[in-house]
Amino acid sequence: VLVLGCIFLDQWTKVIAYEKLSGQGVKSYFFDTFRFVYAENTGAFLSFGANFPYPWNFLLFIIIPIIFLIGILWYVVFSEKPHPSEKIALILVAGGGLSNLIDRILRNHHVIDFMNVGIGPIRTGIFNVADLFITAGFVIIILSSFKKKPTQ
């Protein structure tokens, strides 16, 4: 249910971004800290791999993510080992990853991005809600790895 919720929220915001931002240029808020701008990304984070030729692009951005996401979901559903925070983190990663994968499959290898934050010249790349889920999941995993494991 949480994975489907992540997918729904991301896809819904992408529809809104397409309807409200496509062809509109940059919309800036809160002293230019938040920017909304429509972009279609054929690469990964910060457009990495956007210019890769077709077989590599398909392998790196469709096939490998499918295998990775199946592995995450299999682990979350069938493993008895993960801590609840680890399960939530993996669900966020899977939900965001699946939603971006849906974009790639339905939009000819393009992912809709529309948010940018920063102060002055220090800015993030353009990202979407799925990227926020993926990042939050990895942050939870990293933070939980610092917790002291119970001794037996």
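When you scan region 1-15, how many residues do you find that are among the β-branched types (V, I, T) and surrounded by 12 or more Cβ atoms within 10 Å (Cβ to Cβ)?
Here the count works out to 3.
Report yes if some residue within region 99-112 is polar (S, T, N, Q), under 30 Å from D32 (Cβ atoms), in contact with an Asp or Glu (Cβ under 9 Å, 6 or more places away or on another chain) and outside any helix (DSSP H, G or I); otherwise report no. So far as region 99-112 goes, no, none of its residues is polar (S, T, N, Q), under 30 Å from D32 (Cβ atoms), in contact with an Asp or Glu (Cβ under 9 Å, 6 or more places away or on another chain) and outside any helix (DSSP H, G or I).
The residue of region 86-106 that is surrounded by the fewest Cβ atoms within 10 Å (Cβ to Cβ), among those that are in contact with a helix residue (DSSP H, G or I) (Cβ under 9 Å, 6 or more places away or on another chain) and within 19 Å of S22 (Cβ to Cβ), is I102.
Kindly indicate the residue of region 32-48 that is assigned to a loop (DSSP other than H, G, I, E, B) and surrounded by 14 or more Cβ atoms within 10 Å (Cβ to Cβ) and also modelled with the highest pLDDT among those meeting that condition. Looking at the filtered set, the residue picked out is D32.
Beta carbons closer than 7 Å, at least 6 apart along the sequence or on distinct chains, pair a first residue in region 87-115 that is under 23 Å from K27 (Cβ atoms) with a second that is among the small types (G, A, S) for S99/A130; N100/A130; I112/A17; D113/A39; F114/A17; F114/A39.
Take the residues of region 6-27 that are among the charged types (D, E, K, R) and free of Cβ contacts under 8 Å to residues at least 40 places away in the same chain: which is nearest to L69 (Cα to Cα)?
Going through the qualifying residues, I end up with E19.
Tallying residues that are under 21 Å from I72 (Cβ atoms), open to solvent by less than 30 Å² (accessible area, probe 1.4 Å) and in contact with a Leu (Cβ under 7 Å, 6 or more places away or on another chain) within region 107-152 yields 2.
The values are calculated or read from the model by the stated rules, or taken from the named source; none is laboratory data. Everything numeric here is computed off the predicted structure, so don't read it as measured data. Neighbour counts are summed over all protein chains in view; Cβ atoms, including those assigned to glycine, are modelled from backbone coordinates with ideal geometry. Ligands, DNA and RNA are excluded from the accessible area calculation, which covers all protein heavy atoms including side chains. Shrake-Rupley method; radii C 1.70, N 1.55, O 1.52, S 1.80 Å.
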